[in-house]
Amino acid sequence: MPPAPARVPRHVAVIMDGNGRWAERRRRPRAVGHRAGARAVNLCIDFCLGKGVEALTLFAFSSENWGRPDEEVGALMKLFMNALEREVEELHRRGVRVRFIGERERFSEAIGARMDAAEVLTAGNTRLHLTIAASYGGRWDIARAARSLAEDVRAGRLDPAAIDEAMLGARMALADLPPPDLFIRTGGELRISNFLLWQLAYTELWFTDTLWPDVDAATLQRAFDDYAGRERRFGLTGAQVAAPSGTTE
Ligand code: IPE
Ligand code: IPE
Ligand code: MG
């Protein structure tokens with residue numbers, strides 16, 4: 001039998017971690033690391049476009065990151081604003097659909113307006129679905145979905161007995177995309193840090209010590225190669241996965 005073609009993940013989710021340490025190692029302010037990290041974002045988008053990945057979700061700023069020193073939060077906000085001003089046109093030209101998930105109300109009006117505009121401009125693009133998680137938390141996402149169901153119950157539109165996983169899932173972020181196949185976290189920490197708690201249920205996890213600003217195509221290729229060799233069982237047995245037609249018991 002010829003070897004199976006390399007499996008490419010349809011949806012990749014990334015925790016871009018390690019910007020601060022990258023700068024501290026160079027005795028530079030942490031904001032310098034965030035700027036260097038922005039370059040790696042472009043590289044990662046290019047890599048996914050080249051591989052034919054359908055969806056890329058990037059964790060840019062967590063619900064908890066608002067608690068960082070004012071100076072760092074301020075630098076990050078400036079960086080978001082610059083990126084929204086500079087990068088969106090080019091992404092649009094390349095057929096990328098850009099969307100944001102997270103508590104948008106916490107951003108300034110100017111940033112919120114830019115986010116809205118980027119979503120409107122790129123809404124018709126289909127080459128890559130790029131989602132930026134900003135002011136996002138997995139717990140926030142679940143709570144918001146639960147609140148939306150509760151509102152329907154209160155309005156008499158929904159019987160609580162009818163609530164199931166699919167119904168809750170349909171009200172969570174990214175519901176219109178396949179769930180992430182591959183999760184990548186740079187920066188050496190082995191945790192989820194309140195990223196996509198619901199959506200990562202059966203995602204393949206991949207971690208590297210490489211700091212986000214140092215990520216290059218070779219780093220991402222290692223993650224993709226590792227993913228291609230994984231056996232995804234979704235709770236079934238290896239034999240069942242090998243013979244999906246139901247020929248095994
Ligand atoms: C990730 O890098 C970017 C954000 C959280 C905004 P960090 O800023 O967390 O970098 P480290 O983990 O401190 O090195
Ligand atoms: C997760 O990184 C959030 C982003 C990369 C945006 P953190 O640096 O905030 O995570 P912890 O604090 O190490 O868990
Ligand atoms: Mg960090």
Relative contact order computed over the chain (Cα-Cα under 8 Å; 6+ residues apart), in percent: 27
Heavy-atom accessible surface of the stretch 59-153: percent carbon and sulfur, 1.4 Å: 50
Rg(Cα) / (2.2 N^0.38 Å) computed for the stretch 165-249, rounded to two decimals: 1.32
The stretch 1-141: relative contact order in percent, alpha carbon pairs under 8 Å with at least 6 residues between: 29
Projected label distance in nm at ASP209 and GLU90, using a 7 Å step from Cα toward the beta-carbon: 3.2
Extension reserve of the SER245-MET77 stretch, reckoned as 0.36 nm per residue once the Cα distance is removed: 55.3 nm
Fluctuation leader among LEU236, LEU149, LEU49 - the chain, Gaussian network, Cα springs under 10 angstrom: LEU236
Surface accessible to a 1.4 Å probe, per residue, for the residues of the stretch 113-249, Å²: 53
Gain upon complete extension [ARG222, ARG68; 0.36 nm per residue less C-alpha separation]: 52.3 nm
Efficiency of FRET between ARG10 and SER193 - r from beta-carbon atoms, R0 25 angstrom, step 0.05: 0.60
Relative contact order %, the stretch 71-165, counting alpha carbon pairs below 8 Å whose residues are six or more apart: 29
Spatial extent of the chain: Rg and Dmax, with the Cα atoms as the point set, Å: 19.5, 61
Computed [θ] at 222 nm, deg cm²/dmol, the chain (DSSP H ≥ 4; -39,500 (n - 2.57); rounded to nearest 500): -13500 deg cm²/dmol
FRET efficiency, 1/(1 + (r/R0)^6) with R0 51 Å, evaluated for ARG144 and ARG27 via beta carbons: 0.80
Scattering curve values for the stretch 57-114, log₁₀ I(q)/I(0), Debye with Cα scatterers, q = 0.17, 0.19 Å⁻¹: -0.62, -0.77
Share of pairwise Cα separations in the stretch 46-87, more than 15 Å, in percent: 59
Debye intensity ratio in log₁₀ form over the Cα atoms of the stretch 1-110, taken at each q of 0.10, 0.13, 0.22 Å⁻¹: -0.36, -0.59, -1.41
Under the Debye formula (equal points on every Cα, no solvent term), log10 I(q)/I(0) of the stretch 83-220 at q = 0.09, 0.14, 0.18, 0.19 Å⁻¹: -0.35, -0.84, -1.25, -1.32
Nearest-0.05 FRET efficiency for ALA161 and ALA110, computed from C-beta distance (R0 45 Å): 0.50
Convex hull volume per residue for the stretch 140-192, taking Cα atoms only, in Å³: 100
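The values are calculated or read from the model by the stated rules, or taken from the named source; none is laboratory data. These numbers were taken from a predicted model, which means no experiment stands behind them. Note: ideal-geometry Cβ built from the backbone for every residue, glycine included; neighbour counts use all protein chains shown. Each accessible area value is taken on the protein alone, full model and side chains, heavy atoms only, with ligands, DNA and RNA left out. Shrake-Rupley method; radii C 1.70, N 1.55, O 1.52, S 1.80 Å.
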